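Student: My questions will all concern the structure given below.
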Amino acid sequence: MSTMRLTFLGTGGGIPSVTRGLPSIALNFLGELILFDCGESTQRQMMKAGVGFKRKFKIFLTHLHGDHVLGLPGLLYTLSMLDRRDPILIIGPPGTREYVKMFEATRYGRVSFQIYVREVSGEGVVDEGRNYVVEALRVDHTVESYAYRFREKERVGKMNVEYLESIGLPRGPLWGKLQRGESVEWMGKVIRPEDAVGPPRPGRIIVYTGDTAPNDRIAEFAKDADVLIHDSTFDSSYEKEALEQGHSTARQAALIARKAGVKRLYLFHLSPRFEKNPRKLLEEALEIFPESYLAEDLLSYEVPYKV
């Protein structure tokens, strides 16, 4: 079972509040840790949430505003204090390499491992693992900023157990060959994979917008996603301010989710002005999209397989 677990480490925006840290989201998948944005105290939140500092570790930055990246030096220095040796890949917009070099040059701490930086040069695939692809989309913010789509690759189809047991084919290497698309011979008969294995099963999809004004291209980018994590900084009474600052309201996020046909929407990057009444944002979104949820610090969600 390839568990895919999302953990919200920080869900506020701009400045931290009593209940919300700054933007950071962890994704645990097949022994790998993928971090989206890195607000202040991200490493402490990782410890509290128990996401672990995995050997395979990548960090995706949506843009270079301070609330999304100022936790990066502290995280890297913490890993060095823990004597990490495995490299880390950081992927972000133009300027990411300069930012990493800047805090490395301060010599305020020792980095005990190799840091690789890859700058996003345009839209499309920006990273690929054995079982997933990560794609980027330019979004509307006050600086160059990208949304990311984490897409699990298609999984092999289910074995036709009833058929295989009816012909007496024992479980083991021959089943494995069929699952890999190879024909096998058994008792003088050729068994084809199309008879023994069902059609490929679609992978799960997670989309994180980072900071953005509403954009119909995001709806297309997030089409049929299992999870959409969308900027929801304000409620509708601040729609003008949201547009001026390159952000979205909860209602606008819900409209995007409905248009995209996603399964679940998380409202993210909440302004501290809603500290005492975040449900105001949720209620606004629920009127448009019933599967809306407030992202909360340390909340985890295990993304289920597609049916």
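Student: Taking segment 102-113 on its own, how many of its residues are assigned to a helix (DSSP H, G or I) and either touching a His at 6+ places or on another chain (Cβ under 6 Å) or without any contact (Cβ under 8 Å) to a residue 24 or more places away in the chain (or both)? Give the steps one after another, and end with the answer.
Tutor: Filtering segment 102-113 down to residues assigned to a helix (DSSP H, G or I) leaves 102-105.
Cutting the leftovers down to either touching a His at 6+ places or on another chain (Cβ under 6 Å) or without any contact (Cβ under 8 Å) to a residue 24 or more places away in the chain (or both) gives us 102, 104-105.
Number satisfying all stated conditions: 3.
Student: Could you list, in sequence order, the residues of segment 130-159 that are part of a loop (DSSP other than H, G, I, E, B) and modelled with pLDDT of 85 or more? Let's see the steps before the verdict.
Tutor: In the first step, residues of segment 130-159 are kept if they are part of a loop (DSSP other than H, G, I, E, B); the result is 130-131, 139-145, 153-154, 156-158.
Correct list: ARG130, ASN131, VAL139, ASP140, HIS141, THR142, VAL143, GLU144, SER145, LYS153, GLU154.
Student: Residue pairs, Cβ under 8 Å, 6 or more apart or interchain, first in segment 10-35 and at positive phi and modelled with pLDDT under 95, second assigned to a strand (DSSP E or B) and crowded, with 24+ Cβ neighbours inside 10 Å. List them.
Tutor: Filtered contacts from segment 10-35: no entries.
Student: Is one or more of the residues making up segment 160-177 under 26 Å from the mean Cα position of the chain (by Cα), without any contact (Cβ under 8 Å) to a residue 60 or more places away in the chain and outside any strand (DSSP E or B)?
Tutor: no
Student: Inside segment 260-277, can you point out the residues that are buried (at least 21 other Cβ atoms within 10 Å of the Cβ) and not hydrophobic (A, V, I, L, M, F, W, C)?
Tutor: TYR266, HIS269, SER271
Student: Specify which of the listed residues (SER121, SER145) is among the polar types (S, T, N, Q), surrounded by 15 or more Cβ atoms within 10 Å (Cβ to Cβ) and under 16 Å from PHE60 (Cβ atoms).
Tutor: SER145
Student: Counting only residues that are more than 14 Å from LEU61 (Cα to Cα) and of a type outside the set (Asp, Glu), which one in segment 126-140 is surrounded by the most Cβ atoms within 10 Å (Cβ to Cβ)?
Tutor: This residue is TYR132.
Student: Now for a different question. Run down LYS280, LYS306 and say which single residue is over 15 Å from the mean Cα position of the chain (by Cα) and free of Cβ contacts under 8 Å to residues at least 60 places away in the same chain.
Tutor: LYS280
Student: Just one of ILE25, ILE15, ILE59, ILE34 is surrounded by fewer than 20 Cβ atoms within 10 Å (Cβ to Cβ), in the same structural domain as GLU135 (by TED's automatic domain parsing) and either under 13 Å from the mean Cα position of the chain (by Cα) or not in a strand (DSSP E or B) (or both); which is it?
Tutor: ILE15
Student: Also: Please go through segment 68-101 and pick out each residue that is within 18 Å of the chain's Cα centre (by Cα), buried (at least 20 other Cβ atoms within 10 Å of the Cβ) and outside any loop (DSSP other than H, G, I, E, B).
Tutor: Result: HIS68, VAL69, LEU72, ILE88, ILE90, ILE91, GLY92.
Student: Let me ask something additional. Does THR106 satisfy the condition of being at negative phi, in contact with a helix residue (DSSP H, G or I) (Cβ under 9 Å, 6 or more places away or on another chain) and crowded, with 19+ Cβ neighbours inside 10 Å? First the steps, then the outcome.
Tutor: Numbers: at negative phi: yes; in contact with a helix residue (DSSP H, G or I) (Cβ under 9 Å, 6 or more places away or on another chain): yes; crowded, with 19+ Cβ neighbours inside 10 Å: no.
Against the criterion (at negative phi, in contact with a helix residue (DSSP H, G or I) (Cβ under 9 Å, 6 or more places away or on another chain) and crowded, with 19+ Cβ neighbours inside 10 Å), THR106 does not qualify.
Student: Still on this structure, I have one more. Could we say that GLY210 is in contact with a Phe, Trp or Tyr (Cβ under 7 Å, 6 or more places away or on another chain), modelled with pLDDT of 80 or more and surrounded by 13 or more Cβ atoms within 10 Å (Cβ to Cβ) here?
Tutor: Yes: the conditions hold for GLY210.
Let's see how each residue does on (1) out of contact with any Pro (no Cβ under 7 Å at 6 or more places or on another chain); (2) under 19 Å from PHE150 (Cβ atoms); (3) of a type in the set (A, V, I, L, M, F, W, C):
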{"site": "VAL51", "(1), (2), (3)": "yes, yes, yes"}
{"site": "ILE59", "(1), (2), (3)": "yes, yes, yes"}
{"site": "HIS68", "(1), (2), (3)": "no, yes, no"}
{"site": "SER80", "(1), (2), (3)": "yes, no, no"}
{"site": "VAL100", "(1), (2), (3)": "yes, no, yes"}
{"site": "PHE103", "(1), (2), (3)": "no, no, yes"}
{"site": "SER112", "(1), (2), (3)": "yes, no, no"}
{"site": "ARG118", "(1), (2), (3)": "yes, yes, no"}
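Student: Same structure, new question: Of everything in segment 114-129, what is outside any strand (DSSP E or B) and free of Cβ contacts under 8 Å to residues at least 24 places away in the same chain? Give them in sequence order.
Tutor: Once the filter is applied, which keeps residues that are outside any strand (DSSP E or B) and free of Cβ contacts under 8 Å to residues at least 24 places away in the same chain, segment 114-129 yields GLY122, GLU123.
Student: Within segment 237-246, can one find any residue that is within 12 Å of LEU265 (Cβ to Cβ) and among the aliphatic types (A, V, I, L, M)?
Tutor: No, every residue in segment 237-246 fails to be within 12 Å of LEU265 (Cβ to Cβ) and among the aliphatic types (A, V, I, L, M).
Student: Ok, one more. In segment 181-209, which residue that is over 30 Å from HIS63 (Cβ atoms) and assigned to a strand (DSSP E or B) is farthest from the chain's Cα centre (by Cα)?
Tutor: Looking at residues that are over 30 Å from HIS63 (Cβ atoms) and assigned to a strand (DSSP E or B), I get LYS189.
The values are calculated or read from the model by the stated rules, or taken from the named source; none is laboratory data. Note that the structure is a prediction, hence the values are computed from the model and not measured. Cβ atoms come from the backbone with ideal geometry, glycine included; neighbour counts cover every protein chain shown.
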